[in-house]
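A quick write-up on the structure given underneath.
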Amino acid sequence: MKSLYYTFIFLLFTLFSYAQKAEYSILTIADSLKENANAVVRLDQMDIVIVSQRSMNMKSQRVVTVLNEKGLNHIEAYQHYDKKTSIKNIEAVVYNSLGGEIKKIKRKDFRDQSAVSGSTLFSDSRVVFLDYTPVTYPFTIVYTCEVETSNTAFIPQWAFLSGYYASVEKSVLNVTFPNNLGFKKKEFQFSGYNIKKQEETDTKLSYTAVNIAAQKREDYSPSSSDLFPRVMMGLEKFHLEGVDGNAATWEAFGKWYSDNILNGTTELPEETKTKIKALVGNEKDPIKKAKIIYDFVQKKSRYVSIQVGIGGWKPMLASDVDRLGYGDCKALSNYTKALLEAVDVPSYNTILYGDPYNKSSIESDFVSMQGNHMILAIPSGNDYVWLECTSQDDPFGYQGTFTDDRNVLVVKPEGGQIVRTKIYEDIGNIQKDKGSYSIDENGNFSGALSIVSEGSQYSQRTRVEHLQPTEKEKHYKNHWENINNLKLEKISLNNDKENIRFTEDVQLSATSYGAVSGNKMIFVVNSFNQTDGSVKRIRNRKNPFEIQRGYFDTDEIEINLPTGFNIEFIPSNYELKGKFGEYKTEIIKKDNNKLLYKRSMFLNKGKYSNKEYDEYRLFMEQVSRNDNAKIILTKN
Amino acid sequence: MRFYIAVFLLFFILKVNAQSYELGKVTIEELQEKVNKTDTTAPAAILFKKGKTYFSYNEQTGFLANHVYEFRIKIYKKEGLSWATQKVSYYVGYENLRDDKAAFSDVATYNLENGKIVKTKLNSEGNFKEKVNKYWNVASITLPNVKEGSVIEFKYTLKSENIVRLPDFEFQYEIPVNYFEYRSEIPEFFIYKTLLVGTFKPEMSGDIGQIKQVYASEYKQINTLYSGKDVPALKKENFIDNIDNYKGSIQNELELKRFPNKPVVNYTKTWEGLAVSTYKDANLIRELTDRGYFEDDLKKIIADKSSPRKRLDTIFKFVQERMNWNKKKGYYVDKGVKKAYEEKTGNTAEINLLLIAMLKAAQIQVHPVLVSTIENGIPLFPNRTVFNYLIAAAEIDGEKILLDATNKFTVPNILPLNVLNWKGRLIRENGTSEEVELIPTKPSMIVNSVSASIVPESAKLEGVLSLQKTDYKALDFRESFANMTNESHIENIESQYKGLEIEEYKAEIKNLSKPVYEKVTFSAANAYDIIGGKLIINPLVFFAYKNNPFKLEKRQMPIYFGYPEQRRFNLFLQIPQGYKVESLPSPIRIVMEDKAASYTMNLTADENQIQIKVIQEITKAIFAVDDYDMIRDFFDKIIEIQNQKIILKKA
């Protein structure tokens, strides 16, 4: 009897631990889902239960078949936690390609680590993640995780497709919520995907998507959040780090943020106020006052990021920034605001996405806690002057490429308001080259050039100002990589912050710029401003493409030819016009040994369809080809 | 338990400079200084760094090493503000020792305000401790009120029961160091081996101190002081193996423990000693003699393999395919070879010891080789921490074959690129050892061939291109691109050679014992210019270097290529109908002084075609810093040669 009992247990155990999950076998994956895929997400399910304004439970289950090593990052078996968010359960089970169980991974075998990233000095956020060494490909991993949090300000948005090079067999989202919290949602880019809304009531929302093919990453694509299907969700009545909040309208949200988060953070010591008043003196104009204060903040403070608890949302006290001289974007913006207040200049904290790659906007018709950055807005007539308070270098009111041309939330005491930040027009994104070069009879090159940059090109070029000498040398040698054996003779830089204009005066020389073959010498006319025309050929492009910022470059270069040579060939004038822009070159013969080379290149920003990409590639190829036009000289 | 230490100082008189290297004594001159006197472009400078290592004794836990560091840093420019945030990582993952402890103190910022020195102390709000993971904690500070011109000071203390390897004392940074000193006070029971790294040589002086302890016997203490002035900044450069090999630092590793009335404990000071102790400490004998678990599998795979080389190849492939590296290095096993075998995953030691055990079982002579990978630096003297990796060396018919089965793309005698570092140490059971060359002498090859027609009507070059890569070039390629689709391979080649459009692609990549071979049919725009009816062609068409990889005028560190390489280019260009050669560049050969690098170009032409043959060879893996000008000139010359044109004119 006893032995039988044990056998039974043993059998049960065996059955359990070597359970075969036929549905995880790779044999059932459709071929269409394997195309371009390093991983196939078999099931991605999220069950969100909003219990109350102060309690939310999220269960996720992700079943991923990893086809090769590059597919490992699609497992996404990690979970952040902090004082307000706890992980109730986290585990993973690994199956082989036939669905046979290989390994169970319990919570204690997950790694637990601080989630402080690069620029942050300290944060109490931590992350638990799976560190699994696969023994064979393909394999399937089933990852489950349950999280409980009192922060309901952020309901994670649901992405039916979470990245490139992974397909999705099935994606399920179930949300339940009390009907009195003002749950809302917004759908993005559903069209063309097989997504069904299963249920939508005043307490429940659910979707199921099936068979989403893997996407290839393509250059110049808009960000994936503008391409892939997703759902944003939020509550009108939410809770954040011990504070109840309201997001019924931007006005209400802004007011809540002002009253509950910002209120009481702008007190300054009398001593500082007196000092700042003395600094401003008799200046009456609010913008001029603000300039003085911005300069003061830039000299006094530096950016240090420390994110703890509500401090992740609430700025450090202005009096602390005053004392310590550092802070993050919220702290420094708020400190500047406090100083402005002291001299009666109104200004507003502004929440936005700081992003130099995509002009990410606050989703203006979806009221919720959004953004990752803060700047300051000073009203000026019907418009605003925007201050980036984390920078010690930016000119007053300059937005560069990090915060320009996007929707932001301006938080006023009476409520929030969505506003568009400054747009740098293509025609104002200037690079103006003026200079000359000489070629001697051995093909050696010497020249001098002045480069003036404005608009968004200003921010790209001022970087050189802060480079160490070897870095600076490297920068210019890379910039003129078409000139081999380049020697930099003299560099002088002038950063005119008042007019937001950066001037580089450079003297340079190089040996063998002109290639001598027999009695001929050949060299490229456009030595100083070659377009980087490397637009990759993409076969069967699927995504639309975007040129984020246009520009306008002009060059006027005097060329001194060596004596004792005749011009055998000189490139003819060239003009190219199209929807992407305009390109023009002209060579004027001044006398026997002197030419004037004029070039202009204007590129439009814009959003274009996938079909137009090849056209753009050919446009840039023509530009690049003409930038390489050569002169031939023959020895007398 | 209480104990008292009384210290009787018997110091030789140490020559201390008149300048004050004590915390708290910042001068107006230091605050007024606008640029560093030896490096006027430096964004910040370490005015001084002082370090001291001393031991304290506790009857329960024994000796504890205390390391105290004091810094004074001047911030000249905004880019130097990052020095106002400091982090110290300390180890908390010991199995038998208590956690290290680290703490900052005496942290303050000094500014000059209206001609007066204003000191701002750091209080708790700028002081952080963080548990990074189960092995490491980080203590960090960010100083208050720091701006251009500020001087900052801080001190930190690290206490550790780990006395085998003392923390390295670094005295060279990305910014200049005006003055440093490091004082070690070592009880006579411990003998450390000291190594000075870098080209900057510190001054050294020493003395003997007498320590009296009430509850322990009296002992002597060996005091050593290293110091130096004006250490130049050392910055990252390209073509470098590991900057830590060149950065100035003082390393101390325990060699001997000799307590009275106890046997001397030798922490190895010869390579032989290292071999013996590694076999013992890493349990190699046990790991290598337990064979039961793989015997059946082994029999199956080598049943039909009679020659030793075939057995070796088969076993290597078997281990490489079965085992999956968990990305952990080391020459100690973690879970043991047997368990690793069952789980099919393991660290470097487990995978390669398995390989050794199986090869031994197949009657192949084979030994472990200890290696220091590139990240770990150069193993200059024998001790336990210089190595961090283990590979295998088999010997068949007198030929040594190096093996590493952790990487999915290696083959016998091809090691992962980060293993090609200095020399390995082969160790035998009998305690003998031998130096092993890791860096190959045989060059890895790239052979690019083009057979194409010049088509002036379309301004294109059309034909067939084949790209072949052997040995390390093949490994490098496979590691980066092995799992890619053909489409991605095509895009790769197209973006590498501008203007190329590929119509057809074929490749042989998977078979590791063969070179990587890619063949495409292509048409290329931009391959030549048509100017005034003439065709102006670059002899290397799209293969020509765009610019010199060595751009900077000056260099601080040796130039690292990794392994010798040879590039060959063979081009056959069909001359279009109605054209003939007007001029050809002359054949040329350039050779670096010591023949370490050479470039040869040969061109010939008849009515129908032009043939171009180029061989570019670099025979050394690493070049001394003094060779830098020569190497830069070598590449400059190559580019100049590649720039000469072939000119075709209408016949």
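Only the coordinates and a few stated rules stand behind these numbers; no lab work does. Note that the structure is predicted; figures quoted are calculated from it, not measured. Using ideal geometry, Cβ is built from the backbone for each residue, glycine included, and neighbour counts are taken over all protein chains shown.
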Angle between chain A longest axis and helix A:270-280 axis [Cα atoms, degrees, rounded to 10]
30 degrees
Count the DSSP beta bridges whose two residues both fall in the stretch A:426-635, then state the antiparallel fraction as a percent rounded to the nearest 5.
90 percent
Taking only the alpha carbons of the stretch B:271-437, what extent do you get along each of the three principal axes, in Å, biggest first?
44, 34, 30
Order of B:Ser583, B:Ser480, A:Ser301 from fewest to most other C-beta atoms within 10 Å?
B:Ser480, B:Ser583, A:Ser301
Using only Cα atoms and rounding to the nearest 10 degrees, what angle (0 to 90) does helix A:329-342 make with the longest principal axis of chain A?
70 degrees
Determine the percent antiparallel among the DSSP beta bridges restricted to the protein assembly as shown, to the nearest 5.
90 percent
Going by amide H atoms built from the backbone, whose H comes under 5 Å of the H on A:Lys594, apart from near neighbours?
A:Leu561
Karplus (6.51, -1.76, 1.60) ³J(HN,Hα), θ = phi - 60°, over the stretch A:431-438, in Hz, Gly and Pro reported as x:
10, 10, 9, 9, x, 8, 9, 10
Compute the helix-to-body angle for B:471-481: its Cα long axis versus the longest principal axis of chain B, expressed 0 to 90° and rounded to tens.
80 degrees
Show the residues, 5+ positions off or on another chain, whose built amide H is closer than 5 Å to the amide H of B:Tyr331.
B:Tyr389
Per DSSP H run of at least 4 residues, take -39500 (n - 2.57); add these up for chain B, divide by its residues and hand me the 222 nm value, nearest 500 deg cm²/dmol.
-5000 deg cm²/dmol
Cα-centred dipole magnitude for the stretch A:247-420, charges only on beta-carbon of K, R (+1) and D, E (-1), debye, nearest 20:
340 debye
With a point put 7 Å past each Cα toward its Cβ, work out how far A:Asn592 is from B:Glu272 in nm, to one decimal.
8.5 nm
Across the stretch B:503-510, in residue order, what do the Karplus-derived ³J(HN,Hα) couplings come to in whole Hz, using 6.51 cos²θ - 1.76 cosθ + 1.60 with θ = phi - 60° and x for Gly and Pro?
9, 9, 10, 9, 8, 10, 10, 5
Ordered by fewest other Cβ atoms within 10 Å, a rough proxy for footprinting exposure, B:Val455, A:Val64, B:Val419 read B:Val455, B:Val419, A:Val64
A 18 angstrom limit on the alpha carbon distance is what I want to check against. Which of B:Lys613/B:Lys645; B:Lys339/B:Lys510; A:Lys477/A:Lys520 exceed it?
B:Lys339/B:Lys510; A:Lys477/A:Lys520
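For the stretch B:271-437, what's the relative contact order in percent, using C-alpha pairs closer than 8 Å and at least 6 residues apart?
RCO, the stretch B:271-437: 24 percent.
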Percent breakdown of C-alpha pair distances by 5 Å bin, ordered from the shortest bin, for the stretch A:169-283
2, 8, 13, 13, 11, 11, 10, 9, 6, 5, 4, 4, 3, 0
State whether chain B is rounded, prolate or oblate according to the following rule on the C-alpha gyration tensor (a ≥ b ≥ c being the square roots of its eigenvalues): a/c under 1.5 gives rounded; otherwise a/b larger than b/c gives prolate, and the remaining case gives oblate.
oblate
Can you pull out the trypsin sites (Lys or Arg not before Pro) in the stretch A:537-636 whose DSSP state is coil and whose Cβ has at most 14 other Cβ atoms within 10 Å?
A:Arg539, A:Lys542, A:Lys579
Using 1/(1 + (r/R0)^6) with R0 = 45 angstrom and r between the beta carbons of A:Asn444 and A:Arg217, what's the FRET efficiency to the nearest 0.05?
0.55
Rg and Dmax of the stretch B:352-501 over Cα atoms: what are they, in angstrom?
21.0, 75
Which order results if A:Cys389, A:Cys145 are arranged by neighbouring Cβ count within 10 Å, fewest first?
A:Cys145, A:Cys389
If you plug each phi of the stretch A:368-374 into the Karplus form 6.51 cos²θ - 1.76 cosθ + 1.60 with θ = phi - 60°, what whole-Hz ³J(HN,Hα) values come out, in order, with x for Gly and Pro?
5, 6, 9, x, 9, 8, 9
Cα gyration tensor shape of chain A, rounded if a/c is under 1.5, else prolate or oblate by comparing a/b with b/c:
oblate
Starting at 0 and stepping by 5 Å, how many percent of the alpha carbon pairs of the stretch B:111-228 end up in each bin?
2, 7, 12, 14, 15, 15, 14, 12, 6, 2, 1, 0
Pairwise FRET efficiency - A:Thr136 versus A:Gln198, Cβ, R0 = 35 Å, nearest 0.05:
0.45
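Can you give me the Rg/Rh ratio for the protein assembly as shown, using Cα atoms for both radii and the Kirkwood formula for Rh?
On the way: Rg = 34.5 Å, Rh = 35.8 Å.
Computed over Cα atoms, the ratio is 0.96.
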Find me the longest stretch of chain B that has none of the exposed GluC sites (Glu not before Pro), where exposed means in a DSSP loop (not H, G, I, E or B) with at most 14 other Cβ atoms within 10 Å.
B:219-428
Partner chain coverage, peptide B:553-560 - average Cβ within 10 angstrom
1
How high is the relative contact order of chain B, in percent, counting Cα pairs under 8 Å that sit 6 or more residues apart?
9 percent
Report, as an integer, the average count of C-beta atoms from other chains found within 10 Å of each Cβ along B:122-129.
3
If packing is taken as the mean number of other Cβ atoms within 10 Å per residue, what is the order of A:158-165, B:359-366, highest first?
A:158-165, B:359-366
Which log10 I(q)/I(0) values does the stretch A:23-238 give at q = 0.09, 0.11, 0.14, 0.19 Å⁻¹ under the Debye formula, counting every alpha carbon as one identical point scatterer?
-0.38, -0.58, -0.95, -1.48
Expressed in angstrom, Rg and Dmax over the Cα atoms of the stretch A:247-420 are 15.1, 44
Simple spin-label estimate for A:Glu465 and B:Lys121 in nanometres, 7 Å along Cα-Cβ
3.8 nm
Compute the FRET efficiency between A:Leu488 and B:Thr485 as 1/(1 + (r/R0)^6), taking r as their Cβ-Cβ distance and R0 = 60 Å, and round to the nearest 0.05.
0.90
The stretch A:426-635, relative contact order in percent, only Cα pairs under 8 angstrom and at least six apart counted
27 percent
Scaled by the rule-of-thumb 2.2 N^0.38 Å, the alpha carbon Rg for the stretch A:426-635 gives a ratio of 1.09
Mind giving me the nanometre distance, one decimal, between the label points for A:Asn573 and A:Glu414, set 7 Å out from Cα along Cα→Cβ?
5.8 nm
